[in-house]
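Have a look at the structure below before the remarks.
Values quoted throughout were computed directly from the atomic coordinates according to the rules given, and no laboratory measurement underlies them. Quantities reported herein were computed from a predicted structural model and do not represent experimental measurements. Cβ placement follows ideal geometry from the backbone for every residue including glycine, while neighbour counts extend to all protein chains displayed.
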Amino acid sequence: MCHLARLGRWLVLAVVGTAGCGLMDDPPVLDCAYAPLSQNELPPWLVQSCVLLASCSPFGSQSVGTCIRDAVPLSSVYFHCIQGAATCQDVEACQGAGRLPASACADKPKGWHCDGLRGVRCGFGEPTYVDCAKVGGTCALYKEAATAETWPCLLKKGACAADKHWRCDGTRQVFCSGTELWGQDCAATGQRCLQGSTGATCSPVSFPCSQNTCQGNTLHHCPWYGQPWGFRYDCAVAGGVCQDGMCRRKECAYGDTPCRERCLDGTRMQTCVGSRYAWEGGAPLTVDCAAYGFTGCARPVVKGVEGLPVCR
């Protein structure tokens, strides 16, 4: 079993395996399987936060294991709120967004519509909503230039220089249609606005990044091509190494470790911690959804494709 060092203020976890890649014969035969993780090896707030984010939030990580691998900086306002969450309603209050029952979109057309100050999105899997009042606006329907994604939160009316892409205006992510300013104040949910070459986004934590690099055993990972932001992972936290712009087990090829995200039974899931993508392996971690107030484990289907396991 791995032993996790205390998380530093800005430390981002990359949980990697501990079983050595032993040289048995010539040519060498490598044992690259990650040892299973126990929840006792992870901070309780981290597991609970990631279960709730993956299971409750329309904007959270799709995988509990990916969320745990990315971890969270304790100084982030965004995750301070999530750490105190005990229910999906608490997560929604932190993010100003959430999921809705299917009845919310009964007889509604595909796309956004307004329900008071909330924008409700229908026709893209589970109905979701964003609380426009929380992010500094009111709900309205945007039906103009196709150069911007449809967004239901109107910040203000009045002439403004038309934008081709989303941009940052201080802490706000905005898009001007020429007569209306649309967007959200990232700071309202504990995030900041990050500007890229093809747009802007709200992000809870990141740093300037142009390509994956190793600085000692710290990986600077740039997950979005063409965008100048990324994340830091400390590969050494659980005995891994940073090589060729990736965290991996020493002497083991990237992605060699078998682990599959799945529901184990009615209430438990297996999630994979440590790989860049959930489908490329990592250390298996068993999560009991019932322990976090959920009924069981499910794999929601979106656009005909079965998704990663979450708690429902």
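Listed values, structure above:
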| read-out | value |
| --- | --- |
| Highest average packing first - 188-199, 128-139, Cβ atoms within 10 Å | 128-139, 188-199 |
| Residue exposure sequence - 56, 214 - by fewest surrounding Cβ within 10 Å | 214, 56 |
| Within-13-Å neighbourhood charge of residue 89 [Cβ basis; K, R +1; D, E -1] | -2 |
| Environment charge at residue 171 (Cβ cut-off 12 Å; Lys +1, Arg +1, Asp -1, Glu -1) | 0 |
| Residue order, fewest to most surrounding Cβ atoms within 10 angstrom, among 68, 82 | 82, 68 |
| For the range 98-203, projected area of the alpha-carbon convex hull averaged over all directions, nm² | 6.7 nm² |
| Prolate/oblate/rounded label for the range 74-119 (Cα gyration tensor, a/c 1.5) | prolate |
| Segment residue 107-residue 39, extension gain: residue separation times 0.36 nm, minus the distance between their alpha carbons | 20.1 nm |
